[in-house]
1. Hey, can you tell me all the residues within segment 98-142 that are closer than 15 Å to residue 40 by Cβ and aromatic (Phe, Trp, Tyr)?
2. Would you check which residues across segment 102-125 are assigned to a helix (DSSP H, G or I) and either modelled with pLDDT under 95 or closer than 17 Å to residue 50 by Cβ (or both) and list them?
3. Give 77, 73 a once-over and let me know the one that is at pLDDT 95 or above, touching a Phe, Trp or Tyr at 6+ places or on another chain (Cβ under 9 Å) and aromatic (Phe, Trp, Tyr).
4. If you check 6, 58, 27, which single one turns out to be more than 18 Å from residue 131 (Cα to Cα) and in contact with a Leu (Cβ under 8 Å, 6 or more places away or on another chain)?
5. Anything in segment 25-53 that is surrounded by 16 or more Cβ atoms within 10 Å (Cβ to Cβ) and assigned to a loop (DSSP other than H, G, I, E, B)? List them, or say none.
6. Condition (residue is in a helix (DSSP H, G or I) and exposed (fewer than 15 other Cβ atoms within 10 Å of the Cβ)) applied to segment 126-142: is it met by at least one residue?
7. Search segment 54-71 for residues being of a type outside the set (D, E, K, R) and not in a helix (DSSP H, G or I), and hand back the single one that is nearest to the chain's Cα centre (by Cα).
8. Which residue pairs have Cβ atoms under 8 Å apart, sit 6 or more places apart or on different chains, and have a first residue in segment 45-58 that is among the β-branched types (Val, Ile, Thr) and a second that is open to solvent by less than 40 Å² (accessible area, probe 1.4 Å)?
Amino acid sequence: MNGAGWSPRSARALRGALAGALAAALWAAAEPALGRAFGTPFSDVRLLGRAVTRGRLWPVAGVALHVGNGAAFGWAFERLGGRGVRQGVIAAELENLLLWPGMAVVDRFHPDRRPAGWPRLLTDSRTFGLEATTHGLFGATLGALVR
């Protein structure tokens, strides 16, 4: 146990979760500019926030869910022995590829996919490019913080 009463294993897991939360917050901050660069209106923060609320608080909900997801990913990354930028990027891009087919569900049910909203996400190369880039940013940041 350390001075705060945490076992070394628990302290490492907490550091992984905090690193994931920070990496997800960086992603959320960079996402608007990257979306403009890729020419897509898609946003992970909006995806999450508008899935749970239709009111003015969707950005708050979206960021909270995104940072929470990042914390869970960071915890799992650390617990599974992930370390360094290379492993962080590989893990994040693998997660992106594995979950990408789920965009078919988003295309069917998300409110922003409806008329005059997002393009068909599953097959949109701009959205995929954005997602590959933001996952790479997340993974590099996470890996740099978990050594």
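The values are calculated or read from the model by the stated rules, or taken from the named source; none is laboratory data. Keep in mind that this is a model prediction, so the values were computed, not measured. Note that each Cβ is placed from the backbone with ideal geometry, even for glycine, and that neighbours are counted across all protein chains shown. Keep in mind that these areas ignore ligands, DNA and RNA; they rest on the heavy atoms of the full protein, side chains included. Shrake-Rupley method; radii C 1.70, N 1.55, O 1.52, S 1.80 Å.
1. 100, 118, 128
2. If the condition is that a residue be assigned to a helix (DSSP H, G or I) and either modelled with pLDDT under 95 or closer than 17 Å to residue 50 by Cβ (or both), then 102, 103, 105, 106, 107, 108, 109, 111, 112, 113, 121 are the ones that fit.
3. Only one candidate qualifies: 73.
4. Sole residue among the options that is more than 18 Å from residue 131 (Cα to Cα) and in contact with a Leu (Cβ under 8 Å, 6 or more places away or on another chain): 6.
5. Matches in segment 25-53: 40, 42, 43.
6. No, there is no match, as no residue in segment 126-142 is in a helix (DSSP H, G or I) and exposed (fewer than 15 other Cβ atoms within 10 Å of the Cβ).
7. Taking the candidates together, the pick is 57.
8. As it stands, the answer is 45/28; 45/31; 45/62; 45/66; 52/61; 53/61, since those pairs meet every condition given.
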